[in-house]
Ligand SMILES: [Zn+2]
Ligand SMILES: [Zn+2]
């Protein structure tokens, strides 16, 4: 089992990001990432640049819709027509074109310091047939956290980790609701990197450079074999892992989440997170935290915590079918444990 960190939802200078694909690849490599997903607004202009650069697999998708109901679409060769009034149509068009997608920053809130409080939430519920959703979006999270100007400035300059408390609770609930109802919905963490540069005339202030933001909220894919050196094979590996939910998100600012694993095992096989399997006697769920001494493992069934362990690993025999997922909290020296890792569920069905 191999875990590879990647960063999803990046804007380049093909839309409103500040850097080229080359600069993004360089920054990703410096941050130790193995893949990135570039998703510019309503353009696939970066597509010819898909390749392995600086050891990083570059995937180019697109962020569809503009005013609200943003949809991150991947694995497309042609641009899809937007539809803000009926975003279900966008989801379906992406699927028909052979792609797949994630609902971007579904419950985004506006900031009084940006675009006069404008936010870009997903407006139409329920929708179906989407592959997944952004459970935690770094840039969007900042946009919605503004107790006061002073506090925001303090966080920005001195304690950025403190601004990232947890993914939106109502969004976690919605995700659990979908999966408990039998829909397979893959959660990802994303950066929504723009590496914007504020020009104050006498000084230019970069806001969250690519290099910085690539060490914050990452999505790790789990593969049964090593990632390939061949671009097309590597792209398929990343795409298949994201489609099948063989991935988890980690708030790497606390600590890199690379050593995490969550899988089911029986006498016949091993099943990665995101998998569905039939309930039978003899299934064991295995949870492994990336670090000693810092981790609290929480196993959840249908969104409810059923087991907590302040250990590095935990084996659990599920007593019946259910949607099982894992959260790992990071123990800090002072203060409350911090949400750190969110796995995708294992679906044990009847
Ligand atoms: Zn967006
Ligand atoms: Zn975006």
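Only the coordinates and a few stated rules stand behind these numbers; no lab work does. Since the model is a prediction, treat every value here as computed from it, not as a measurement. Cβ atoms come from the backbone with ideal geometry, glycine included; neighbour counts cover every protein chain shown.
In segment 108-171, the ratio of gyration radius to Kirkwood radius, Rg to Rh, stands at 1.03 when only Cα atoms are counted.
All C-alpha pair distances within segment 224-350, sorted into 10 Å bins from zero, spread as 13, 41, 32, 13, 1 percent across the bins.
Nearest 0.05, what FRET efficiency do residue 281 and residue 228 give at R0 = 45 Å with Cβ-Cβ as r? The computed FRET efficiency comes out at 0.75. Helical content of the chain, expressed as a calculated mean residue ellipticity at 222 nm, amounts to -5500 deg cm²/dmol (DSSP H runs of 4 or more residues, -39,500 (n - 2.57) each, divided by residue number, nearest 500).
Bridge orientation summary for segment 1-106: considering DSSP beta bridges with both residues in this region, about 50 percent are antiparallel. DSSP finds beta bridges in the chain, and of those with both partners inside it, around 70 percent are antiparallel. Sorting 247, 177 by the number of Cβ atoms found within 10 Å of their own Cβ, with the fewest placed first, yields 177, 247. In terms of other Cβ atoms within 10 Å, 120, 248, 279 run from fewest to most in the order 279, 120, 248. Here the extension length gained between residue 151 and residue 205 equals 17.6 nm, from 0.36 nm per residue of separation less the Cα-Cα distance. Relative to the dominant Cα principal axis of the chain, helix 87-96 is inclined by about 70°.
Largest first, the three principal axis extents of the alpha carbons in segment 1-142 are 40, 39, 33 Å in whole numbers.
Shown here: the chain, whose C-alpha atoms stretch 66, 50, 40 Å along the first, second and third principal axes, sorted largest to smallest.
With viscosity 1.002 mPa s and temperature 20 °C, the Kirkwood radius over alpha carbon pairs of segment 59-105 converts through Stokes-Einstein to a diffusion coefficient of 208 µm²/s. The Cα atoms of segment 288-350 cover 43, 18, 16 Å along the three principal axes, with the biggest extent listed first.
Distance from the C-alpha centroid of segment 61-140 to that of segment 261-299: 31 Å, rounded to the whole angstrom.
Could you tell me how many degrees, from 0 to 90 and to the nearest 10, lie between the Cα long axis of helix 149-158 and the main elongation axis, the longest principal axis, of the Cα atoms of the chain? With both axes taken from Cα atoms, the answer is about 70 degrees. When both bridge partners sit in segment 49-161, DSSP labels roughly 85% of those beta bridges antiparallel. Multiplying each eigenvalue of the alpha-carbon gyration tensor of segment 134-273 by 5 and taking the square root yields semi-axes of 33, 20, 13 Å, largest first, rounded to whole angstroms.
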